[in-house]
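The values are calculated or read from the model by the stated rules, or taken from the named source; none is laboratory data. These figures come from a predicted structure and were not determined experimentally. For neighbour counting, all protein chains shown are included, and Cβ atoms are generated from backbone atoms with ideal geometry for every residue, glycine included.
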Amino acid sequence: MAGKMTNIKTVGVVGAGQMGNGIAHVSALAGYDVLLSDADASRIDAALEIITKNMTRQVHRELISQADMDAALKRIKAAPKLSSFGPCDLVIESIVEQHDAKKAVFAELRAVLKPDAILASNTSSISITRLAATTDRPEKFIGVHFMNPAPVMKLVELIRGLATSQETYDTSLRFVESLGKTIANAEDFPAFIVNRVLVPMINEAIYTLYEGVGSVEAIDKAMRLGANHPMGPLELADFIGLDTCLSIMQVLYEGLADSKYRPCPLLVKYVEAGWLGRKTQRGFYDYRTDPPTPTR
């Protein structure tokens with residue numbers, strides 16, 4: 001493992017969902033003390049179970065040792081209240097992809113964080129400059145966008161807002177590298193690099209289904225075998241979460257005002273139905289059957 005930085009010892013992670021538990025996982029393995037928070041305390045317990053299961057898988061695959069796992073798990077502490085984030089040197093927000101919800105978290109942290117703490121967002125699409133402006137430390141605010149699942153994926157996008165200082169960028173860069181990740185620098189434009197390319201492709205696949213060009217199975221098979229993608233675009237949409245895909249498309253559509261980013265009406269319909277993909281057991285596939293069956 002890469003050596004951890006001296007000036008970041010404690011990392012706070014806000015949001016214990018799919019991304020938050022992954023960020024806590026890789027941070028603890030790299031030697032950082034981690035405080036894991038969520039508005040729903042039961043989600044923290046669920047996240048700790050998932051982290052344990054994922055680390056156990058890494059031990060079985062001989063990617064880490066049992067000693068690494070035991071030490072990392074001891075470093076992660078449940079922190080249901082953000083008021084306990086005082087010791088944090090870096091806080092990474094990883095909650096729902098909605099500006100107002102993130103703004104509320106930053107407002108709560110304002111009274112808690114020490115002056116030199118860095119505040120980061122794992123947002124996959126929202127303007128870092130806009131988020132930073134809602135905080136008391138825009139110069140110490142940065143976008144640190146992990147890919148899903150964070151323990152497996154090598155890339156992290158680093159996004160500077162208009163006010164982000166060079167020191168904040170340099171510190172964040174060294175932190176991400178200490179996790180064993182590779183960095184892609186992205187400018188602060190809607191959806192940055194990965195999702196600017198990936199999510200419109202998913203949206204186009206949904207239009208292809210909507211217009212009857214191909215079935216769910218045909219579209220996914222075509223992209224797996226025809227473009228050598230490891231996962232078809234509709235299966236990938238279910239993995240990401242259809243609500244997240246819709247949020248990113250809406251940010252692109254509103255931010256760039258180009259009709260090519262209009263969310264597909266079928267995507268909107270699935271989200272309205274609460275069929276959000278794997279996390280709700282139904283999306284473009286029904287995961288209550290084995291193997292999952294297409295829903296359209």
* For the range 135-187, what are the residues that are among the charged types (D, E, K, R), surrounded by fewer than 19 Cβ atoms within 10 Å (Cβ to Cβ) and touching a residue at least 40 places away in the same chain (Cβ under 8 Å)? -> Arg174, Glu177
* List, please: which pairs have Cβ atoms under 7 Å, are six or more places apart or on different chains, and start with a residue in the range 255-282 that is in the same structural domain as His99 (by TED's automatic domain parsing) and end with one that is surrounded by 15 or more Cβ atoms within 10 Å (Cβ to Cβ)? -> none
* Which one is farthest from Met201 (Cα to Cα), of the residues in the range 258-292 that are in a loop (DSSP other than H, G, I, E, B) and touching a strand residue (DSSP E or B) at 6+ places or on another chain (Cβ under 6 Å)? -> Pro292
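One line per residue, one yes/no per condition, for (1) in contact (Cβ under 8 Å) with a residue 60 or more places away in the chain; (2) under 19 Å from Val34 (Cβ atoms); (3) under 19 Å from the mean Cα position of the chain (by Cα):
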{"residue": "Glu49", "(1), (2), (3)": "no, yes, yes"}
{"residue": "His60", "(1), (2), (3)": "no, no, no"}
{"residue": "Gln66", "(1), (2), (3)": "no, no, no"}
{"residue": "Ile76", "(1), (2), (3)": "no, yes, yes"}
{"residue": "Val105", "(1), (2), (3)": "yes, yes, yes"}
{"residue": "Arg110", "(1), (2), (3)": "no, no, no"}
* Filtered residues of the range 195-217 (kept if out of contact with any Phe, Trp or Tyr (no Cβ under 6 Å at 6 or more places or on another chain) and among the hydrophobic types (A, V, I, L, M, F, W, C)) -> Val197, Leu198, Val199, Met201, Ile202, Ala205, Ile206, Leu209, Val213
* **Every residue from the range 232-257 that is outside any helix (DSSP H, G or I) and buried (at least 21 other Cβ atoms within 10 Å of the Cβ)** => Gly232, Gly241
* Asked: Considering the range 22-43 alone, what residues qualify as being out of contact with any Gly (no Cβ under 9 Å at 6 or more places or on another chain) and either part of a loop (DSSP other than H, G, I, E, B) or crowded, with 20+ Cβ neighbours inside 10 Å (or both)?
  -> Gly22, Ala24, His25, Ser27, Ala28, Tyr32, Asp40
